[in-house]
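Asker: Structure provided below as structure tokens; questions to follow.
Derivation of every value follows stated rules applied to the coordinates shown; laboratory data play no part. Computed from a predicted model, the values in this text were never measured in an experiment. All Cβ positions, glycine included, derive from the backbone under ideal geometry; neighbour counts span all protein chains shown.
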Amino acid sequence: MSEGYPPHWEADVVLADGGTVHLRPIVPGDSDGLLAFHSGLSEETIRYRFFAAHPKLSATEVEQFTHVDYHDRVALVAVLGGELIAVGRFERAPGTDVAEVAFVVADVHQGRGVGSVLLEHLAAIAAERDIGRFEAEVLTGNARMARVFHDAGYHATQKYEEDSIHLVFPIEPTAASLAVMQSREHRSEARSVGRLLNPRSVAVVGAGRQPTSIGHVVLDNLLRCGFQGPVYPVNPNAEHVASVRAHPSIEDVPDQVDLAVLAVPAPAVEEVMAQCARKGVRGMVLMTAGFSESGPSGAAAERSLVSTARANGMRVIGPNCLGVMNCVPAVSLNATLAPALPRRGPAGFFCQSGALGIAVLETVAQRGLGLSTFVSAGNRADVSGNDLLQYWEDDPDTNVVLLYLESFGNARKFARLARRIGRTKPIVAVKSGGSVAARLAQADLPERAVDALFR
């Protein structure tokens, strides 16, 4: 039985170290990418996957691996920066509900949790195709692969053979496997936010020489508030900005850039994002307006930029946002338009309104209060309040969570996280009734459903 390409299997996923990759079904056009991927594998990784030396894939193998029916034979690829970094597949035993599963991850990306993510998604797809069990053959020396299956939370039976272990396990979710998935999700999302709030270096793209320009204000705030790392202004038309040497593009910055703050016109964002991807930037704060808040074409551009960012390992705060702060002295990050960095305090603050965010930050400064971190979500195209809840749950510098919400993304997930985190850290949430009600009305949820989330 052959099925058409299933676009609903595509997903942007966050890995164990906080980076992101794009998962999608394999297609015949992946032939060259698969050959390049295989040629980059170490001898040991190839032996663990093929149980023998196999330095090159034959034309027949490439044809077989890239031409699947998306029903009994399924394969997913993990893509980062346009290159394949992992392949996972299953093949059903004819006339049964059992499929053999296998995957291989590029050596440089092993240990990032790619295998675990592939297993989760393959199991979900297999269930969709009425497959009830997976079986896998693992060489006895392949401890990392055996651990992926063991740590997934499934109840596997093991049969030891001469030089391998034969595993069989039902893929129906269990309490243990669901707990494993939620734990992996929590750690991954927390670390992805941690990379944004604890950068070792920051570049301000669009840092103008005009003191009133957004980029100049952000650069000045970073420098004046004592960010504990290098700050790089990026401006192709200036040699220096605020007495700091400027670079024509982010790719010209001589060192690694963890966080890029973009203050460029909306039409320039796509090219700057491509430069950030080539540079290996870990995350972006997109202050630029002109996206989903401007209409359907802006919303389409916003979706495209988020997909591009995630496929290149980056997460995005914004667009149309005020910026981010980390008030911990070891970081002292003020990548916002607010002139003062509040003193260190126990509260983390997530805000979807830039105007309200500035007003609250001014009040905090006037009253001598403190914050641990502050995030202005803007259009909340990628990083959301749920991501911040995951981060603050384990953050030792945050004991209280403050939320100003104009809309929900995944309301079910918010309720689950809020209940769990609220047991140990108070959550103070203010909702903008009109905006939330309007958003939920589109999802056929009444206003009382919103109220129920806060009870």
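Asker: Could you run the Karplus curve 6.51 cos²θ - 1.76 cosθ + 1.60 with θ = phi - 60° over the range 292-307 and give me ³J(HN,Hα) per residue in whole Hz, x for Gly and Pro?
Answerer: Here the 3J(HN,Hα) series is 4, 6, 9, x, x, 5, x, 5, 5, 4, 5, 4, 5, 5, 5, 4 Hz.
Asker: Cut-off is 10 Å between beta-carbons; in what order do 50, 349 appear when sorted fewest neighbours first?
Answerer: Exposure proxy ranking, most exposed first: 50, 349.
Asker: How about the range 92-156: which GluC sites (Glu not before Pro) there lie in a loop by DSSP and see at most 13 other Cβ atoms within 10 Å? List each step's numbers first, then the result.
Answerer: On the way: sites: 100, 120, 128, 135, 137; in loops: none.
Qualifying residues, ordered by number: none.
Asker: First select every other residue whose beta carbon is under 13 angstrom from the beta carbon of residue 115; then total the charges, Lys and Arg +1, Asp and Glu -1. Show your work: numbers first, answer last.
Answerer: Details: positive: 49, 89, 112, 144, 147, 184; negative: 107, 120, 151.
Net of charged neighbours comes to +3.
Asker: Quick one: net charge of residue 233's neighbours, Cβ under 12 Å, K/R +1, D/E -1?
Answerer: Details: positive: 209, 245; negative: 220, 239, 252.
Net charge in that neighbourhood comes out at -1.
Asker: From the Cα trace of the range 271-317, what convex hull volume per residue do you get, rounded to a whole Å³? Intermediate results must be reported in sequence, preceding the final value.
Answerer: Values: hull volume 2.9 nm³, N = 47.
Measuring per residue, one finds 63 Å³ for the Cα hull of the range 271-317.
Asker: Would you mind putting 378-387, 40-49 in packing order, based on average other-beta-carbon counts within 10 Å, highest first?
Answerer: Packing proxy ranking, top to bottom: 378-387, 40-49.
Asker: Okay, next question. Show the residues, 5+ positions off or on another chain, whose built amide H is closer than 5 Å to the amide H of residue 171.
Answerer: Here 133, 134 satisfy the definition.
Asker: Right, next: For a test of the definition: using alpha carbon positions, the gyration tensor, and the 1.5 limit on a/c, classify the range 110-260 as rounded, prolate or oblate.
Answerer: prolate
Asker: State the answer as a single residue: which of 345, 286, 356 lies farthest towards the positive end of the charge dipole of the range 194-453, with beta carbon charges of +1 for Lys and Arg and -1 for Asp and Glu, about the Cα centre.
Answerer: 345
Asker: Take the Cα pairs of the range 194-453, get the Kirkwood Rh, then feed it into Stokes-Einstein at 10 °C and 1.306 mPa s and tell me D in µm²/s.
Answerer: For the chosen part, D equals 85 µm²/s.
Asker: Here is a follow-up. Name the lysines eligible as straight-distance cross-link partners of residue 159: C-alpha to C-alpha under 26 Å, and not fewer than 8 places from it in the same chain.
Answerer: none
Asker: With equal scatterers on the alpha carbons only and no solvent term, can you work out the Debye log10 of I(q)/I(0) for the range 7-173 at 0.09, 0.11, 0.12 1/Å?
Answerer: The Debye formula, applied to the Cα set alone, gives -0.27, -0.42, -0.50.
Asker: Here's something else I'd like to know. Assign one of three labels to the range 357-407, namely rounded, prolate or oblate, based on the Cα gyration tensor with a ≥ b ≥ c the square roots of its eigenvalues; rounded applies when a/c is under 1.5, prolate when it is not and a/b is larger than b/c, and oblate otherwise.
Answerer: Oblate, since a/c reaches 1.5 and b/c is not below a/b.
Asker: Now, a different point. For the range 7-173, what's the relative contact order in percent, using C-alpha pairs closer than 8 Å and at least 6 residues apart?
Answerer: Relative CO of the range 7-173 lands at 18 percent.
Asker: Now for a separate question. Calculate the length of the line joining the C-alpha centroid of the range 16-58 to that of the range 347-372, in whole Å.
Answerer: Between the Cα centres of the range 16-58 and the range 347-372 lies a distance of 48 Å.
Asker: Collect residues whose amide H, placed 1.01 Å from N in the peptide plane, falls under 5 Å from the amide H of residue 86; neighbours closer than 5 in sequence don't count.
Answerer: 78, 106
Asker: Let me ask something else about it. Output ³J(HN,Hα) for the range 138-144: one whole-Hz value per residue in order, computed from phi by the Karplus curve 6.51 cos²θ - 1.76 cosθ + 1.60 with θ = phi - 60°, and x for Gly and Pro.
Answerer: So the J values, rounded to whole Hz, are 10, 4, 4, x, 8, 5, 5.
Asker: Per-residue HN-Hα couplings for the range 39-52, Karplus 6.51 cos²θ - 1.76 cosθ + 1.60 at θ = phi - 60°, whole Hz, x for Gly and Pro?
Answerer: Karplus-based 3J(HN,Hα) across the range 39-52 equals 5, x, 6, 6, 4, 5, 4, 4, 5, 5, 7, 9, 6, 6 Hz.
Asker: Moving on. If we sort 17-27, 238-248 on the protection proxy, mean other Cβ atoms within 10 Å, highest first, what's the order?
Answerer: 17-27, 238-248
Asker: Hey, another quick one. Check which residues have an amide H placed less than 5 Å from residue 313's amide H, if you skip close sequence neighbours.
Answerer: Distant-sequence amide H within range of residue 313: 20, 81.
Asker: If the reach is capped at under 12 angstrom between alpha carbons, list the aspartates and glutamates near residue 431, excluding any in the same chain fewer than eight residues apart.
Answerer: In chain and number order, the partners are 406, 447, 451.
Asker: With a ≥ b ≥ c the root eigenvalues of the C-alpha gyration tensor of the range 53-94, is it rounded (a/c under 1.5), prolate (a/b larger than b/c) or oblate? Please report the intermediate quantities before stating the final value.
Answerer: Working: a/c = 2.05, a/b = 1.20, b/c = 1.71.
Oblate, because a/c is 1.5 or more while a/b does not exceed b/c.
Asker: Another question, if that's okay. Please arrange 37, 51, 65 by how many other C-beta atoms lie within 10 Å of their C-beta, fewest to most.
Answerer: Placing the least packed residue first, the sequence is 51, 65, 37.
Asker: List the aspartates and glutamates whose alpha-carbon lies under 16 Å from that of residue 279, not counting same-chain residues fewer than 8 positions away?
Answerer: Hits, sequence-local ones excluded: 83, 251, 252, 255, 258, 270, 271.
Asker: A follow-up question, please. Give me 205, 98 ranked fewest to most by other Cβ atoms within 10 Å of their Cβ, as a rough exposure proxy.
Answerer: Details: 205 29, 98 16.
Listed from fewest to most nearby Cβ atoms, that is 98, 205.
Asker: Average the reciprocal distances over every distinct pair of alpha-carbons in the chain, invert the result, and give the Kirkwood radius in Å.
Answerer: 23.8
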